[in-house]
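Heads up, the thing below is written out as structure tokens.
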Amino acid sequence: MKVTVLQENLARGLSTVSRAVSPRSTLPVLANILIATDEGRLRLSATNLELGITCWIGAKIEEEGSTTVPSRTLSDLVGTMPDPQVSLTLNAQTQTLNVRSGSSTNDIKGIDAQEFPPLPVPDFDDAILINVSDFKEMIQQVAFAASTDEARPVLMGVLVTVEKDLVTMAAADGFRLSVRKAALSSSVPTSVSAIIPARALNELARIASDGEQMIQMVLPKGRGQVVFRVKDAELVSQLIDGTFPDYQQIIPRSYKSRTLVSTASLLKACRQAEIFAREGSNVVRLNIKTNGEMQPGEVEISAHSEETGSNETLVEATVDGIPLLIAFNVRYLREVLEVIKSPNVAIETSAQNAPGVVRPVGDDHFLHVIMPMHLG
């Protein structure tokens, strides 16, 4: 193998794939990045056997070939290269990759590419096409609600369903639920349902740049995998086995109190309350006060800590229904407010021991359910 690439392209490609490198594997090759010539371009791949990322970069190829080299060594080295051009030459006998740039010459010991786990080569003819900006926003509004507890692996994933021309994402961790829908530009012939690790979707959002139009999604039959392609990159992930909870049962069908409030004002109040609440058990109280039906009311947001003191903020609101005192985990409330784009938000609930539903006003595609905390 003998190739020449631009330093900034190589650095960007290594940064894209290195997030899939396995830092603690018994297989040394999983700490490496596969470098291979591929139809006039250079292909970089990394995998930890659960997640794999591949990207292609432009290169001048003089000799075909492939090898794998330690991810960290190559990434750190390329980041310090003095010249805009980098030449890579492989000694296939010793599996040593010579990396040259300007007056800098380096030899990196590699492992034969044959030892690198093969990544799927899916057929994208029947791929589901999803708008990049929609998909990234969906991931942002849903993936954060997935669980990080390995005892319940199914909740570490996001349920992605595609029916006709509608794609839905849902994630829950036992204390909250996030659901987001979006329309597809064309209808799919068969329905699709898969539990995709939240981490894989977060990585996909990171590598899909806004300048691109569409993400292609394929579920190869019988493989237990999902593959996404976006412009010059592909991401493959193992699916999570199991049955996702019937989240529709969790969403309250009615409310006795609906509070309309400025998203920014409530978010600011929650951030202040969290400074005090985090010292205790993260409890924030929302005292929803009414001044008669559909009259301007207010919400008193308060937090208390034995160690640090207490905080109280009044936020103007329009309250439809009964006055109510309810407590939530302040971090959960802050995190959902941070992903809501609309200027106003509605909080719907029925009692202090009933779940709260958070909805962006004027957007029917998103809802978030938070379980209440005990008012001690």
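The values are calculated or read from the model by the stated rules, or taken from the named source; none is laboratory data. Just so you know, these numbers come straight off a predicted model, no measurement behind them. Backbone-built Cβ (ideal geometry, glycine too); neighbour counts: all protein chains shown.
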Being more than 23 Å from ASP134 (Cα to Cα), among the polar types (S, T, N, Q) and more than 33 Å from the chain's Cα centre (by Cα) narrows THR318, THR313, THR349 down to just THR318
With the first residue restricted to segment 298-314 and required to be not assigned by TED's automatic domain parsing to the domain that holds ASN287, and the second required to be part of a strand (DSSP E or B) and at pLDDT below 90, Cβ contacts under 8 Å at 6 or more apart or on different chains are none
If we take segment 87-168, then strands (runs of 3 or more DSSP E) inside it with 1 or more residues that are loosely packed, with under 15 Cβ neighbours inside 10 Å and charged (D, E, K, R) are 104-109, 157-163
Filter segment 52-79 for residues that are over 23 Å from GLN114 (Cα atoms) and out of contact with any strand residue (DSSP E or B) (no Cβ under 8 Å at 6 or more places or on another chain); the one that is modelled with the lowest pLDDT is GLY79
Over segment 112-136, the set of residues among the aliphatic types (A, V, I, L, M) and more than 16 Å from the chain's Cα centre (by Cα) is ALA113, LEU119, VAL121, ALA127, ILE128, LEU129
